[in-house]
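Taken together, the values in this text are just the output of simple stated rules run on the coordinates, not laboratory data. Computed from a predicted structure; not experimentally measured. For neighbour counting, all protein chains shown are included, and Cβ atoms are generated from backbone atoms with ideal geometry for every residue, glycine included.
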Amino acid sequence: MISEIRIVGFGCHRCADLHQRVTQVVQSLGLETTVVRDNDMLSPMRYGLLGLPGLLIDGKVVSAGRVLSVEELTRLLKHGQPIPPR
Amino acid sequence: MTVAVKQFYTRAAGRNPELTAWGIVILAAALWWIAYRSLPALAAWLTFHLFGLTPGSHLGESVAFFVYDVPKILLLLTGVIFLVTTLRSFFSPEQTRRLLGGKRQGVGNGLAAGLGVITPFCSCSAVPLFIGFVEAGVPLGVTFSFLIAAPMVNEVAVIMLFGLFGWQVAALYMATGLLIAIVAGIVIGRLHMEGYVEDFVWQIKLGDAGLGPEKLTWSLRFARSWESTKQIVGKVWPYVLVGIGIGALIHGYVPEDALAGILGKDAWWSVPAAVALGVPLYSNAAGVIPIVSALMDKGAAMGTVLAFMMSVVALSLPEMIILRRVLKPQLIAAFIAVVAAGIILVGYLFNLVV
């Protein structure tokens, strides 16, 4: 059970896109997860992000610098990994 | 028929997804090539046959320019961005940081500039990337080489230059862009302005995200590149339309050599003026270049307009404002001064040579 999904960014439109997609997927999967939008300037450094937006699930960095697609996010939140098993 | 195609695809993808992915990409490339090659004939037919305009007339020339260049640029953008994104998926900022950590000046600058072109980079990443690099022991000058090369030698700019001026200009732009990034980085390094980085940067202990380049299958790699391509082209195409529209008007309506006086080779002050004008402007390379092309058509010198373009793309006010969070004003000023000087030199060089 995922308790928190955090989107780290400075507020550019890519971060907004990711936030919107995450919220959409969380809703469609009916998850009781808190979605946090983190615009704190120090956060990217704290998490060691070299690209924005950063996506963290339960405090662990899952992606940096990419806006994941709705399919990837769905797979990620359902199975714990964005890449489909071979 | 579409049902049959879908069934074929699903069976093929089930049996061998990698081969299917490659098959689709190769087929798409072939279609792209055919479309690209038929463009001149198609544009001419559309303008002078279907619309019945007169060749040589103002309207005729403008429309021909527009009808030919819009699909051409869009095709080029789609094709090359897809290619570049796929290549870039083999690299990551974390890997670049490891490669650059502790490298000496000179070699480090060259490597950083090269990596700046290849590593995936978005302007919002500038600050975390800067901090991450500096914390990992990448020398300040080397980090700057990376930060200058990444936005300047951007694939959209190179594609547009190639599409409108040919490969020599595009290649020259890339080469001089890299050169400016390397030399500016070395100069900034020599200035030893580490003291002008905001103090908190040195105090923060950087977390480790633990990410690296992911192991991706080809089908996934292509799928992601296509997503990215759609995103970028989707964002950029209005600018392309407007830019080419303005370019088409200039092309058809402004008399030849009208601009030679103000922007031509002999107006020595036009290069620094162009650079000064470019700094506060923030635009997509996609929108600016068609205008640049039409201006050149009317007598503006190549070096002047390229200098303008470089300064719009590499010295953007929004990026400076973002960097202000980690750099003190003196360092930002030094950065702007060194890069602007480099661009001005390149502008003069182009004016002499081309």
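Looking only at helices (runs of 4 or more DSSP H) that fall completely inside region A:3-86, which ones have 1 or more residues that are away from chain B (no Cβ under 12 Å)? Talk me through it step by step, then tell me what you get.
On the way: elements: A:13-29, A:43-47, A:70-79.
It comes to A:13-29, A:70-79.
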**Prompt:** Which of (1) in a helix (DSSP H, G or I); (2) among the small types (Gly, Ala, Ser); (3) farther than 24 Å from B:ALA150 by Cβ does B:GLY56 not meet, given it meets every other one?
**Reply:** (1)
**Prompt:** Is it the case that A:ALA64 is within 30 Å of B:GLU319 (Cβ to Cβ) and surrounded by 18 or more Cβ atoms within 10 Å (Cβ to Cβ)?
**Reply:** yes
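Go through region B:118-156 and give me each residue that's of a type in the set (Ser, Thr, Tyr) and either within 9 Å of another protein chain (Cβ to nearest Cβ) or within 17 Å of A:MET45 (Cα to Cα) (or both). Give the steps one after another, and end with the answer.
Initial filter on region B:118-156 (of a type in the set (Ser, Thr, Tyr)): B:119, B:123, B:125, B:143, B:145.
B:SER123, B:SER125, B:THR143, listed by residue number.
How many residues are in a loop (DSSP other than H, G, I, E, B) and crowded, with 18+ Cβ neighbours inside 10 Å when one looks only at region B:60-91? Explain how you work it out, then say what you get.
Of the residues in region B:60-91, the ones in a loop (DSSP other than H, G, I, E, B) are B:89-91.
Those left that are additionally crowded, with 18+ Cβ neighbours inside 10 Å: B:89.
Selection size over region B:60-91: 1.
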